[in-house]
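This is the structure I want to talk about, given as structure tokens.
Bear in mind that the values in this text are calculations on the coordinates, not laboratory data. Given the structure is predicted, the values throughout are model-derived calculations rather than measurements. Heads up, the Cβs are rebuilt from the backbone with ideal geometry, glycines too, and the neighbour counts pull from every protein chain shown.
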Amino acid sequence: MASSSSSPKQYDAFISHRGPDVKATLAKQLYKLLQERGCRAFLDREEIEGGESITSAIENAIRSSVVQIAIFSKGYAHSSWCLEELVLMLDQQPDALFIPVFYDVQPWELRHMDNKDSQYAAEFCNHQSKARYLDKLEKWKEALKSASNISGYEQREHKYNLCEEIVSRVLEEMRRRKPLHVAKYPVGLAQQVRVFEDSLSKTVKDTVTIAGIFGLGGSGKTTLATELFNKKRSGYKGACFLFDVRVSDLRSLQSQLFKDLFHEDRKFDSIAEGIGHLEHRLGRARDLRFLIVLDDIDHRDQLDDLLPAAMLSSGNLVIITTRNQSLLAGADICHRMKKMNFDHSRTLFCSHARPDPPTSYEKLVERFVEFCGGLPLALKVLGSHVYGKGELFWELELEKVRKIQPNDIMQRLRTSFDSLDREEKQIFIDIACFFNKIEIYDLKSKAIIIWKASGWSNAEHALQILQDRCLLESVEYGRFEMHDHLRDLGRQISADELSPRRLWQPELLGPMEAKGFQQILAETNGGRCFHSFRDSSLGMSITFFIAETDLLWLEMNEDGEPFMNIPSWIPLRKLHWLYIRSVRELWSTFQQQLQTYNQATFQLTRLSIRNCYYLQKLPDLIEMFTHLEELNISNSIYSTDITSLVQSLGRLSKLRSLSLACTNLEFSEKLDLSKGNVDSSTSSRMDSLETIHPSW
């Protein structure tokens with residue numbers, strides 16, 4: 001059997017079925033839906049490439065799948081192919097998830113072979129009477145019996161969403177089993193894993209093990225823990241990796257634990273409530289084994305809040321990374337991250353600086369490697385900083401970094417920071433204080449808009465510079481990521497010297513939250529502040545970004561009854577990004593502020609109105625947002641002819657994207673955007689409009 005750690009998964013799902021029974025119905029529907037959701041599924045022989053053996057191709061597909069689905073129809077046991085597939089699928093557990101689907105049969109029919117009412121019993125009698133497969137019948141019976149005892153799905157006439165339920169479970173399993181990214185150049189990692197596993201193998205089998213990984217920041221603790229997590233997770237019923245515990249909200253981490261281990265979404269009002277629920281569920285799951293990684297622990301209370309007593313039993317494995325060895329006093333294993341040896345250090349440095357340096361660079365490479373002292377982060381950052389440069393630059397850079405205290409990691413990293421221009425520094429500090437490793441939809445676009453609104457016009461270029469110099473590890477659609485030490489460096493610089501000041505500390509924002517959003521607007525005092533919280537006085541969730549004295553980004557979400565309007569005390573004049581959900585009447589606050597400010601001062605570039613069922617019209621006021629580039633309206637009872645609607649937006653010359661998902665929206669044949677206008681009868685021009693997404 002090929003394990004998930006030794007063989008890459010070629011398929012996401014394998015569907016075992018008897019073609020004459022379900023191929024044209026359930027199997028095909030399920031296959032199509034899986035494909036539409038981005039899952040590579042194996043349905044039948046059509047998946048087999050030319051020249052490939054049918055038997056070996058099916059076996060390889062089963063062994064390589066993350067999820068295996070068996071559709072038990074009335075004729076399933078008639079097929080020796082299906083029964084052989086079933087045996088092989090069950091052999092893959094726990095490396096793959098097995099999902100039984102009972103289609104016009106009951107689970108009891110698979111295990112009661114002596115019952116005359118069972119179609120499966122009849123099929124086995126038929127095999128036996130014809131003296132077919134006699135050496136395999138018992139093995140098949142055992143497989144059917146095992147499958148019947150596994151929780152699955154039953155097709156009933158009222159079960160219209162069966163395929164959706166199955167696909168949702170497949171997607172969740174794929175997400176749970178998807179390997180975490182480890183490192184671009186995992187130099188020396190295999191050796192670290194072997195040392196750790198040697199220590200782990202010496203503990204008593206099947207007893208709970210708390211394994212600690214400690215060392216200097218930037219020494220590779222998280223990298224090692226991630227590799228171990230990917231390698232071992234398939235051997236546990238549930239697995240959860242909690243990143244950045246030191247700077248994260250513990251209630252959110254408790255919710256993530258609950259979701260990853262028990263597949264349930266839970267929100268806790270207090271840490272004590274979270275501990276209680278975890279204790280209760282773990283007490284009911286003592287026969288299950290879990291793998292948990294707590295990354296970057298810096299306080300004993302974090303262990304107590306995330307590791308209830310019930311977790312410390314039943315053969316669970318808990319891996320902890322920390323900079324503080326004293327927190328591992330009760331651990332079964334304590335693994336110190338050692339410095340990289342010279343050969344590994346040289347390989348890592350050259351991977352980032354110059355993979356095959358000429359002979360003339362050898363001495364410089366040696367001096368850089370010696371200076372970095374075996375610290376992976378220093379090797380990576382300094383190697384990237386001299387990438388593509390000549391010998392003279394290398395010489396000067398080496399002399400420059402030698403002036404910084406060699407044992408002070410922050411000062412070493414400060415060299416890369418000092419090479420940035422002012423805009424790049426400010427954007428680096430913003431990411432370090434506000435955006436590092438948080439998940440927000442379309443975060444990159446929102447951040448770039450905020451930075452440009454702050455006068456930093458080269459934001460996209462700055463992000464590329466930060467990535468090139470490894471001050472920013474990745475920039476994705478909804479996430480920025482930098483190393484913990486770089487984050488700490490940025491926050492320290494912000495606190496000590498860089499203006500404007502950033503407000504990100506929980507101890508500052510907590511008391512401000514209690515006062516509400518209106519008071520936060522009054523207390524930023526010329527600083528920059530990004531935060532998300534629920535304002536109890538407004539009864540909604542607020543996400544905002546304030547730069548100096550201007551509110552630039554505002555999201556208001558109400559999951560209950562829709563609220564009436566944006567409060568008049570919220571300043572809208574410099575707002576660039578507005579996302580609002582469940583509002584009855586949006587425009588009067590803008591209209592009121594128009595009486596104070598000239599319309600040209602409104603800077604809004606993105607406007608999204610979601611789930612506003614009671615918002616019935618777009619008034620002429622929309623034409624005042626002359627900087628608007630994107631307008632998205634969904635789930636609004638908006639009844640009009642689309643031609644007149646687009647004509648009313650004709651003054652928005654910068655509008656690039658228009659999305660209208662509204663009920664009762666009619667369409668006119670006059671609509672023609674290809675020429676940059678609405679129709680020949682109007683002079684309204686929307687020259688910048690690139691996309692329009694109406695609701696059909």
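Of F342, G373, P355, which is farthest along the charge dipole of the stretch 342-417 in the positive direction, counting Lys and Arg as +1 and Asp and Glu as -1 at C-beta?
Going by the Cα projections, it comes out as G373.
Sequence-distant or interchain residues sharing an amide H contact under 5 Å with K136, placed H: which?
none
Rounded to the nearest 0.05, what FRET efficiency is calculated for Y477 and L508 with R0 set to 35 Å and r the Cβ-Cβ distance?
Taking R0 as 35 Å, the efficiency between Y477 and L508 is 0.75.
Pop the C-beta distance of L398 and Q191 into the FRET formula with R0 = 30 Å and round what comes out to the nearest 0.05.
Computed FRET efficiency for L398 and Q191 comes out at 0.60.
Something else now. Rounded, prolate or oblate: which one fits the stretch 436-506, using the alpha carbon gyration tensor with axes a ≥ b ≥ c (rounded when a/c is under 1.5, else prolate when a/b beats b/c, else oblate)?
rounded
Ranking request for peptides 26-35, 11-20, 298-307: highest mean number of other beta-carbon atoms within 10 Å first, then the rest in descending order.
With the highest mean Cβ count within 10 Å placed first, the list reads 11-20, 26-35, 298-307.
Quick one: putting +1 on the C-beta of Lys and Arg, -1 on the C-beta of Asp and Glu, what dipole do you get for the stretch 189-336 around its Cα centre, in Debye to the nearest 20?
I would put it at about 480 debye.
Sort the stretch 320-434 into rounded, prolate or oblate with this rule: let a ≥ b ≥ c be the square roots of the eigenvalues of the Cα gyration tensor; rounded if a/c is under 1.5, and if a/c is not under 1.5, prolate when a/b is larger than b/c, oblate otherwise.
It is oblate, given that a/c is not under 1.5 and a/b is not larger than b/c.
Hey, another quick one. For K267 and E585, what is the calculated FRET efficiency with R₀ set at 30 Å and r taken between the beta-carbons, to the nearest 0.05?
0.50
Moving on. Straight-line reach only, C-alpha to C-alpha below 18 angstrom: list the aspartates and glutamates that K267 could link to, leaving out same-chain residues fewer than 8 apart.
Leaving aside aspartates and glutamates fewer than 8 places away in the same chain, those within reach of K267 are D249, E279, D305, E439, D535, E558, D559.
Using the per-residue mean of other Cβ atoms lying within 10 Å as a proxy for protection, in what order, highest first, do the peptides 71-77, 354-360 fall?
71-77, 354-360
Under 21 Å Cα-Cα from K232, which lysines qualify once same-chain neighbours fewer than 8 residues away are excluded?
Counting by Cα, and skipping residues close in sequence, K232 has these lysines nearby: K9, K178, K184, K202, K205, K221, K259.
Here are some pairs, K23/K237; K363/K400; K28/K145; K452/K574; which of them have Cα atoms lying more than 22 Å apart in this structure?
Among K23/K237; K363/K400; K28/K145; K452/K574, the Cα-Cα distance tops 22 Å for K23/K237; K28/K145.
Label the stretch 50-182 by shape, choosing from rounded, prolate and oblate, from the square roots a ≥ b ≥ c of the eigenvalues of the Cα gyration tensor; if a/c is under 1.5 it is rounded, and otherwise prolate applies when a/b is larger than b/c, oblate when it is not.
Judged from the Cα gyration tensor, the stretch 50-182 comes out oblate (a/c at least 1.5, b/c at or above a/b).
Among 534-547, 86-99, how do they line up by average Cβ neighbours within 10 Å per residue, starting with the highest?
86-99, 534-547
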